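Report on one structure; see the data block that follows.
Please treat every number below as a calculation from the coordinates, not as lab data. None of these values were measured; they are calculated from a predicted model. FYI the Cβ positions are ideal-geometry reconstructions off the backbone, even for glycines, and counts take in every protein chain you see.
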Amino acid sequence: MISERPALVEALTLGVIQTTLDHKAAWNASSGEPKISAAEDGRAWHEIRRAIRALADHDDQPRIILLPELALPRTRLDDFERLVCSMNALAIVGVDYRLDHRMRSAKNEGLVLVPRNFWKRTPSRYATRVWFGKRDPAPAEASGFKDYIPPWAFHADPNVYVFDAGSYGRIGVSICYDFMDIERALLYRGRIHHLFVIAYNRDVKLFESLAVSLSRTVFCNVVVCNTGFYGGSLVVSPYYDAFKRVGYSVDGGNIFNAQCVRLPVRDLDAAIHGHDTKPKATYKHLPPGFTAIADHTAVPPEGPLPVAIPLFTQD
């Protein structure tokens, strides 16, 4: 474990990928199990490879890459790890359901891939895998499991995760419907620099409103990486100037997209700790009752303890 916290970088270059997986074609009750169909498996993997190649060709290559909820077929896990390792970028991706056939339950998970040579800026052969899950299924998702014969059940992950990405800041994560959980937002308040939301969400305007609101109340960068089937991916930061707050936005459905965006880290951290001392403030004022929590593993006054996971270790 890192003994001293490294100095924060000025900005984090983030790669946001919108794939266009068609949920009706991907998950069909007639198949007997909630697993991406072979046809959508192949199409999804083709888009992911195209997107990674596009990001790799970018002048400012991303250090972290985001993909939407349920974007990666489980048949492609090893192939995706090799792609990420070739770029030596950290990836956070939504993966197809983890199925327990004995219990007939399905878990909706995200995966963090951390290449072994991340800090060396040379290609890696292997990556560490860190899993996190979704707590609350969307109503349509829950009802969809009942359409199978016999029906499947949703397997919830009750934990709230904080990933320590060293000099790139602390990261909170939500999978789609969990973004609407107020308790989760309160646990993240003062603990994180970035809130990454991976989603397959139809109501893009609702998530846009939530992102704008939580960027102010949780006081962090909020990134929604939504499926390109519906569009609506965006990046919001709590800047003082309104024209700076939305750093990236994609409107419209059926849009495949891969884009690099820069997220503030060092100056945002100073603002979180009440040190935004420039003659004209760079960020909005801290919300009422806001307290920066230096130790993100500290037990909150009420509610569960967030699961804190360091993503890097010393060699």
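Overview of values
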item	result
Segments 210-217, 284-291 sorted - mean Cβ within 10 Å per residue, highest first	210-217, 284-291
Gain upon complete extension [I149, D203; 0.36 nm per residue less C-alpha separation]	16.6 nm
Förster radius 35 Å - calculated FRET efficiency between D79 and T291 (Cβ-Cβ, nearest 0.05)	0.20
Whether the stretch 127-173 is rounded, prolate or oblate, judged on the alpha carbon gyration tensor where a/c under 1.5 counts as rounded	prolate
Only Lys, Arg (+1) and Asp, Glu (-1) charged, at Cβ; the chain dipole about Cα centre in debye	320
Cut-off 12 Å between beta-carbons: net charge of the residues surrounding N28, Lys and Arg +1, Asp and Glu -1	-2
Rounded tilt (10° steps) of 204-214 against the dominant C-alpha axis of the chain	30
Shape of the stretch 104-220, Cα gyration tensor, a/c cut at 1.5	oblate
Pairs from K205/K284; K35/K205; K24/K244; K205/K280; K120/K244; K24/K134 whose Cα-Cα separation, in the structure shown, is over 25 Å	K35/K205; K24/K244; K205/K280; K120/K244
Global form of the stretch 46-89, assessed from the alpha-carbon gyration tensor, a/c cut-off 1.5	prolate
Cα-Cα separations in the chain greater than 24 Å, expressed as whole percent	51
Distribution of pairwise C-alpha distances over the stretch 207-248, 10 Å bins, in %	33, 54, 13, 0
Inter-part distance where the stretch 135-165 and the stretch 253-287 are each reduced to a Cα centre, Å	31
